[in-house]
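K.L.:
The following block contains the structure, expressed as structure tokens.
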């Protein structure tokens, strides 16, 4: 999995120069990169990724907006505080993943990787010129300290993600070995490649678990230049960045400065963009995309909008049930509530028909289940009979649909039937259980933009006798409540990669259900699902990974853990006309870090603005 947690924890590959001489493991040659299955795309002599411009000019400023919230820490690795945007620029990991492969990694801090056929251990050899911003070398001690600190003091995710590492060894001043507790998980060497490496000597006199607004020591292409507490942060490119000439970095990190401005909400942020307060924006709201960008500046061509197609899995976004709550433990209840969400009406009236209904946790990829199970899938599913819903074996999952008119009496009748089976009945307009307790719950939101989706859903539920409140809270409260599972229902997304693996335990694993801060928002504790996740992790090749993932997908869908919403297969981008971009876009990402500020376009834009009385310079 290409792991993302607010920051991108990836890195680089060996260039054209020969590997240095060092003692190797018997019979094993050091490799410049590694793929989850098969061979990596790029050979040991590659010069740059295919989707960058190796001659991209350096310079200029890129300004971005953060639609809501604030920040109060520069440490993104713990539960405490709200980390600032852009902190990924400060840190490097042992390896990095390109955006045009399903799951491969190439050396960044590590110049090479060694591992046996069974992948029971991995050795990384660090680059001798890898440096912290204070000039000190990145050491094996830093690597081992980072792993242990993240597992002990970092977000709960890290303890789970790296739990199979049973031994860390310093082999010499540049070589570090990790030994694993199991050999079936072929992803473990790549998981270790994603390890963010932190400076032991810097944190020696500081409390890693505390929030901090002291700019930390990093090793990446940028460092913090300045900030206004909770409102803005500016990064400056490190002129002597040790990794600037590595093939994985050529053509990337082109701006001299990157700025993030925080805004009260998405509406204020959009108006700031249109007035030129910042110059690049990814749009997530269909109504805004359809109607919100028209302005005199847009009609003059000063800023542009563009849709960029991608082939990345879109995962699952939906109304997520917290099955820790008694009212949502019965799958018939969860299924019943799905009949009250009218996607077709929502898409037509609120989204301008822009979205596709999601019918898989691995949508927009070959990993998604469809039709009825194949023979190979049934070989996996049949041993689980009696432990998973019977529909898994004979039916293709499709969420309830409507004619889009908003009249859903037929769907609500089906919902009432399921609720009656589950022991709920309507009295005096209220849905009650056998004890006379009314059915009521809260939908917790982080953005006011989602209220227009949740409120019609709540009105339909009211027709079933269900009392629903819709509550929008600030970022800090939302995060605290999710970390402590203090919610009934939320709108959330389970992002997926093209190579699912260890992270599936964090999403669906029984061990994660009670772990504060885990991604198992649903609260799933199901041995059959644990078994399917283990099979995905131990998949020996690509085809078996696809088959096993489709089997898991079916079981998740037929348990009705979420009410699926929608997905989009394009990046919706708005930007002021000051950028150059490579001719090729990678299949699985936007690769915005490969764009650059075009000097001629910037001068032309500034000239046009000056002619209209606006003194902004680009």
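K.L.:
Rounded to the nearest 5, what is the percent of antiparallel bridges among the DSSP beta bridges in segment 316-567?
P.N.:
60
K.L.:
Next up: What number do you get for segment 66-196 when its Cα radius of gyration is normalised by 2.2 N^0.38 Å, N = residues?
P.N.:
So the Cα radius of gyration is 1.11 times the expected 2.2 N^0.38 Å.
K.L.:
Kindly give Rg over Rh for segment 275-381, based on alpha-carbon atoms, with the Kirkwood expression for the hydrodynamic radius.
P.N.:
We get a ratio of 1.10 for segment 275-381.
K.L.:
On to the next question. Tell me, what is the percent relative contact order of segment 485-618, built from C-alpha pairs under 8 Å that lie six or more residues apart?
P.N.:
In percent, rounded to a whole number, it is 13.
K.L.:
On to the next question. Would you kindly calculate the translational diffusion coefficient of segment 319-409, applying Stokes-Einstein with the Kirkwood radius from alpha carbon pairs, for 25 °C and a viscosity of 0.890 mPa s, and quote it in µm² s⁻¹ without decimals?
P.N.:
Estimated diffusion coefficient is 157 µm²/s.
K.L.:
Another question, then. Would you kindly state how much longer the chain becomes between residue 385 and residue 486 on full extension, computed as 0.36 nm times their sequence separation minus their alpha carbon distance, in nm to one decimal?
P.N.:
Taking residue 385 through residue 486 to full extension adds about 33.1 nm, to one decimal.
K.L.:
Also, quick follow-up: Restricting to bridges with both residues inside the chain, how much of the DSSP beta-bridge set is antiparallel, in percent to the nearest 5?
P.N.:
Antiparallel bridges make up about 80 percent of those DSSP assigns within the chain.
K.L.:
Compute the length gained on full extension between residue 467 and residue 41: take 0.36 nm times their separation in residues and subtract their Cα-Cα distance, giving the result in nm to one decimal.
P.N.:
Going from the current span to full extension adds 148.0 nm.
K.L.:
Rounded to whole Å and sorted largest first, what semi-axes of the equivalent ellipsoid does the C-alpha gyration tensor of segment 316-567 yield via the square root of 5 times each eigenvalue?
P.N.:
29, 20, 19
K.L.:
Using Cβ contacts closer than 10 Å as the measure, can you line up 224, 191, 109 from fewest to most?
P.N.:
224, 191, 109
K.L.:
Report the extension gain between residue 543 and residue 428 in nm, rounded to one decimal, defined as 0.36 nm multiplied by the number of residues separating them, less their alpha carbon distance.
P.N.:
That pair, residue 543 and residue 428, stretches by 35.9 nm at full extension.
K.L.:
Still on this structure: For the pair residue 275 and residue 304, what calculated FRET efficiency results from E = 1/(1 + (r/R0)^6), where r is the Cβ-Cβ distance and R0 = 22 Å, to the nearest 0.05?
P.N.:
Computed FRET efficiency for residue 304 and residue 275 comes out at 0.90.
K.L.:
In Å and on Cα atoms, what radius of gyration and Dmax does segment 22-91 show?
P.N.:
For segment 22-91, the Cα-based Rg and Dmax read 19.8, 54 Å.
K.L.:
Based solely on its DSSP helices, what 222 nm [θ] is calculated for the chain when runs of n ≥ 4 H residues each add -39,500 (n - 2.57) and the sum is averaged over all residues, nearest 500 deg cm²/dmol?
P.N.:
-7000 deg cm²/dmol
K.L.:
Sort out for me the Cα centre separation of segment 451-507 from segment 134-193, rounded to whole Å.
P.N.:
If you average the Cα positions of each part, the centres end up 33 Å apart.
K.L.:
Say R0 is 25 Å: what FRET efficiency, to the nearest 0.05, do residue 134 and residue 172 get from their beta-carbon distance?
P.N.:
Here the calculated transfer efficiency is 0.60.
K.L.:
With 19 Å as the cut-off, how large is the P(r) tail for segment 40-140, expressed as percent of Cα-Cα pairs?
P.N.:
I get 65 percent for the Cα pairs in segment 40-140 exceeding 19 Å.
K.L.:
Once you have a ≥ b ≥ c as the square roots of the Cα gyration tensor eigenvalues for the chain, tell me rounded if a/c is under 1.5, and otherwise prolate or oblate according to whether a/b is larger than b/c.
P.N.:
It is oblate, given that a/c is not under 1.5 and a/b is not larger than b/c.
K.L.:
Still on this structure: With N residues in segment 438-480, what two-decimal value do you get for its Cα radius of gyration over 2.2 N^0.38 Å?
P.N.:
1.22
K.L.:
Looking at segment 401-476, I'd like the Rg to Rh ratio, where Rg is from alpha-carbon atoms and Rh is Kirkwood's inverse mean 1/r.
P.N.:
Expressed as Rg/Rh, it is 1.03.
Every read-out reported here was derived from the displayed coordinates using simple, explicitly stated rules and does not represent laboratory data. Worth saying up front: this structure is predicted, and the values here are computed from it rather than measured. For neighbour counting, all protein chains shown are included, and Cβ atoms are generated from backbone atoms with ideal geometry for every residue, glycine included.
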